[in-house]
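Notes follow once the structure below has been shown.
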Amino acid sequence: MLRRTYLNEDGKHPIILRISYRGENRDTFTGFFINNNFWIPKVGRVKAKEPTASVLNQKLQKMAQEASEHFDEFRYSRHEFSIDDLAEKIRGKNEPPDILYSYKVWLGICRISDQSEISFFIICTNLIWPNA
């Protein structure tokens with residue numbers, strides 16, 4: 001969705017991801033800006049005439065896919081959740097950075113649950129604390 005009520009210093013509008021759940025909406029900024037003439041509102045895509053259209057459309061598709069995956073994760077967890085929970089998850093505010101997670105594992109605050117996490121932890125540990 002294009003936020004037409006705002007223009008940046010280059011005269012472009014921000015592209016936002018609108019999250020709707022149970023009659024409520026939250027807008028999340030994608031970080032991308034586009035000229036109004038290059039936006040296709042019905043499909044939420046950038047026109048091919050825009051030089052960066054291919055890259056932008058791929059990134060927007062990826063964001064939409066990730067948002068859908070987060071929604072499914074909440075929905076199948078069978079726990080109650082709100083649109084704000086979903087919006088924060090989509091914005092990445094619920095996940096600690098991998099390095100912080102590894103540090104917490106190293107301190108014994110978190111547990112490692114599978115082999116891929118063990119491999120990641122060993123790699124990060126060796127990068128951050130070579131003598132650990």
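The values are calculated or read from the model by the stated rules, or taken from the named source; none is laboratory data. Treat the numbers as computed from the prediction; the structure is a model and nothing was measured. A quick note on method: Cβ atoms are made from the backbone with ideal geometry, for glycine too, and the neighbour counts reach across all protein chains shown.
Name the residues in segment 5-61 that are of a type in the set (Phe, Trp, Tyr) and in contact with a strand residue (DSSP E or B) (Cβ under 8 Å, 6 or more places away or on another chain), would you?
The answer is Tyr6, Phe29, Phe32, Phe33, Phe38, Trp39.
For the structure I just gave you, tell me whether Arg4 is modelled with pLDDT under 90, part of a strand (DSSP E or B) and at negative phi.
Against the criterion (modelled with pLDDT under 90, part of a strand (DSSP E or B) and at negative phi), Arg4 does not qualify.
Among residues belonging to segment 56-80 that are under 16 Å from Tyr21 (Cβ atoms) and crowded, with 16+ Cβ neighbours inside 10 Å, point out the one that is farthest from the chain's Cα centre (by Cα).
Phe74
Conditions tested, residue by residue: (1) at pLDDT 60 or above; (2) more than 30 Å from Glu9 (Cα to Cα); (3) touching an Asp or Glu at 6+ places or on another chain (Cβ under 8 Å).
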| site | (1), (2), (3) |
| --- | --- |
| Phe29 | yes, no, no |
| Lys42 | yes, no, no |
| Ser54 | yes, no, no |
| His70 | yes, yes, no |
| Arg78 | yes, yes, no |
| Phe81 | yes, yes, no |
| Glu88 | yes, no, no |
| Gly92 | yes, no, no |
| Thr125 | no, yes, no |
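Looking at segment 7-26 only, could you name the residues that are outside any loop (DSSP other than H, G, I, E, B) and loosely packed, with under 13 Cβ neighbours inside 10 Å?
If the condition is that a residue be outside any loop (DSSP other than H, G, I, E, B) and loosely packed, with under 13 Cβ neighbours inside 10 Å, then Arg18, Ser20, Glu24, Asn25 are the ones that fit.
Specify which of the listed residues (Val55, Val43) is of a type in the set (Val, Ile, Thr), in a helix (DSSP H, G or I) and in the same structural domain as Asp85 (by TED's automatic domain parsing).
Answer to the check: Val55.
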